[in-house]
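Okay, so here's the structure we're looking at.
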Amino acid sequence: MKAEILLTLDFPSEKLSQSTYSALVPDNVGIPECMKLDSKILKKSIRVRIISDCPEDTLISTAEDILKSCELSLRTVASLGDS
């Protein structure tokens, strides 16, 4: 079964979307051969398209990993702003 997920992540500023995108890019290496990942930064948004022939749990795990990485990046930026 082929499936596709499109994640659109909106941020309050371009700077925040750029820093989060930079944190996500290294995670795009080493994905399964049955999956294609395409990410783009569009001003205050990041769009991630996941196209997969992998089992559905692999697809779901990948989407969750991307969201968790975004959350970690945002928490890191927030903690740096407090110091």
Query raised in the report: ILE5: surrounded by 10 or more Cβ atoms within 10 Å (Cβ to Cβ), touching a helix residue (DSSP H, G or I) at 6+ places or on another chain (Cβ under 6 Å) and free of Cβ contacts under 8 Å to residues at least 40 places away in the same chain, yes or no?
Result: no
Report task. Go through (1) within 13 Å of the chain's Cα centre (by Cα); (2) under 30 Å from GLY81 (Cβ atoms) one by one and return the number of the condition ILE60 breaks. Result -> (2)
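Here is a yes/no grid of residues against (1) at pLDDT 90 or above; (2) surrounded by 14 or more Cβ atoms within 10 Å (Cβ to Cβ):
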position: GLU14; (1), (2): yes, no
position: LEU24; (1), (2): no, yes
position: CYS34; (1), (2): yes, no
position: SER45; (1), (2): yes, yes
position: ASP53; (1), (2): yes, yes
position: SER69; (1), (2): no, yes
position: LEU74; (1), (2): no, yes
**Report entry** Residue count for region 31-49, restricted to those that are of a type in the set (D, E, K, R) and not in a strand (DSSP E or B)
**Finding:** 3
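For every residue, the table says whether it meets (1) touching a residue at least 12 places away in the same chain (Cβ under 8 Å); (2) out of contact with any helix residue (DSSP H, G or I) (no Cβ under 9 Å at 6 or more places or on another chain).
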site	(1), (2)
GLU14	yes, yes
SER17	yes, yes
VAL48	yes, no
CYS54	yes, no
GLU64	no, yes
LYS68	no, yes
GLU71	no, yes
ALA78	no, yes
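The values are calculated or read from the model by the stated rules, or taken from the named source; none is laboratory data. This structure is a prediction, so every number in the text was calculated from the model and none was measured. Positions of Cβ are backbone-derived with ideal geometry, glycine not excepted, and every protein chain shown enters the neighbour counts.
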